[in-house]
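Throughout, read-outs are computed from the coordinates displayed, never taken from laboratory work. Note that the coordinates shown come from a computational prediction; the quantities given were computed from them, not determined experimentally. Here the Cβ positions follow ideal geometry from the backbone for every residue, glycine too, while neighbour counts run over all protein chains shown.
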Amino acid sequence: MRFVRGAVTVVSGHAAARAARRLAAVSLVTVLLTAGAAATAVPAAAASDDEPSRQGGATATLEGLKTYGQAVVHESGEELTTGAGLFEMAVDGGGRLQTYGLDVDNPTQQHARYGETDWGRTSLHDNPEAGRILWILRHSYPQVDDLQALAKTARAGKLSPRTAAAGTQVAIWRFTDGPSARRGRAGGTGEGGGGGVRVEAADPAAEKLADHLQRSARRMAEPRASLSLDPATLPRRSGSRLGPFTVRASAPGVAVSQTPGSGSPGARIVGRDGKPVTSARNGAQLYFDVPQGRRSGQGSLTVQAATKVPVGRALTGVGGHAGSQAQILAGSSRSMVSASADVHWAAEGAIPAVKAEKSCAGEGVGVTVANAGDRPFRFRLAGREHAVDAADSRTFTVPVREDQAYRIPLTGPHGLEKTFTGVLDCATRSSVPVTEAGEDADGPGLRTATVGGGDAGAGAAESSAVADGGDLADTGASGTPLIAGTAVGLVVLGAMAVLVVRRKNPDDGGVQKG
């Protein structure tokens, strides 16, 4: 058992000695790069690592564990008593979220920033029990706030908000980290497989609720994003209307505008009929209308809405909080959500758009390069030469080990240069060796893999090839901060978790049901 959080009692002394934690790294975001064949090529543009709006949805800051009881975790002959229950998050722009943790072996970071994402970018991507977790969320606290009725259904006696939250969290952990979840994953043994952990609620009523939820859960389909634009990146030949971008929204309507600072004078956002729009509905198609004579350029549009985020949406750490424990939404007030999309255009030459994102199924980072130009786009990715033909698109997968921080360089013509950095966090157990307390923080288990060119660092040999293809949770939140070293270019060089045991006073906060 690797990690210890706030509000815990360590039963096994050896667990504290193994409290070193995997790297905290800059999360990967979608990046657009545009280059023309002439000297007037459009410069590359990159989104901030703290802007998960490129995937769309809610962005929020973790405030900590607010409504919780206690759970006992048994793993590898060790036993730990720890807080289990509901986190709360404050949404950027207004609103609040309640969440449960998804990984009993992984801590959260203090005041971590999170972004809404799909299950496929979390440890749920290969979990056959993921749909049962959604059933639990919809049939337990806080979605079911009649605790007397819930206790009667579960034959649990009497439930309080704390014991209901604890029982619900325990049931979720059984489906994310328990034997059934890990046996169902590819291979069935080793990291992410094997026997898993055994989790029990300390309170008898919470334990009966957890047993009831585990027995009753049925598989359900993953909920859609609260808000997104498709595609998020788009290359186009010069023309008056560039698009389309399709709005996908859970809200009845969204506000439409140019992204502040996107810098495209005279451009307008229009609908299919060519008329300017400032609002749109789900399914609407939007276009970027640019003035005649603008042979090359770039622009960005943003959609925003106030809505409840669908229960069951996943949230993962962004920026320097990429390694913070993944969460799943249990309740939402009316919250601000947003999504952005970029378009780059040129009259001739290669017109590439590059999108990079973690691929849990592909066990690496997928770099998709689309070329809307009339000439091939030639570039070097992760130390290898590649080309994408005119009017074509290809995805290249750079293998990265689980929990391995990575640095993936991409270079192209006209001085085009970009480095993708982050950490692959797709499993409930780390495959990177855990450094014992007192060991050198720059030891083999804590080095960033430089993928392609240069000194790859420990274990990077397996990560240097490019394939061409079509943790105990810190539910005490404030108790286990990670200390990350970040170099120029936002490349994470190393980090080491430190053990801080801090007890918190519970603070039950009210969030409207989603």
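Using a cut-off of 25 Å between Cα atoms, the listed pairs LYS308/LYS418; LYS66/LYS308; LYS66/LYS358 include LYS308/LYS418; LYS66/LYS358 as exceeding that distance.
In a fully extended conformation the segment linking ARG219 and ARG281 would gain 19.3 nm over its present Cα-Cα distance, using 0.36 nm per residue. Measuring nothing but alpha carbons in the range 300-422 and taking Rh as the Kirkwood radius, the Rg to Rh ratio lands at 1.04. With the cut-off at under 17 Å, measuring from each backbone N in the range 201-239 to a point 7 Å along the Cα-to-Cβ line of ARG375 picks out 236-238.
Modelled spin labels at THR246 and ASP230, positioned 7 Å past Cα toward Cβ, are 0.4 nm from each other.
Per-residue 3J(HN,Hα) values for the range 231-248, derived from phi via the Karplus relation 6.51 cos²θ - 1.76 cosθ + 1.60 with θ = phi - 60°, read x, 8, 9, 8, x, 8, 5, 4, x, 6, 10, 10, x, x, 10, 9, 7, 10 Hz in sequence order (x marks Gly and Pro).
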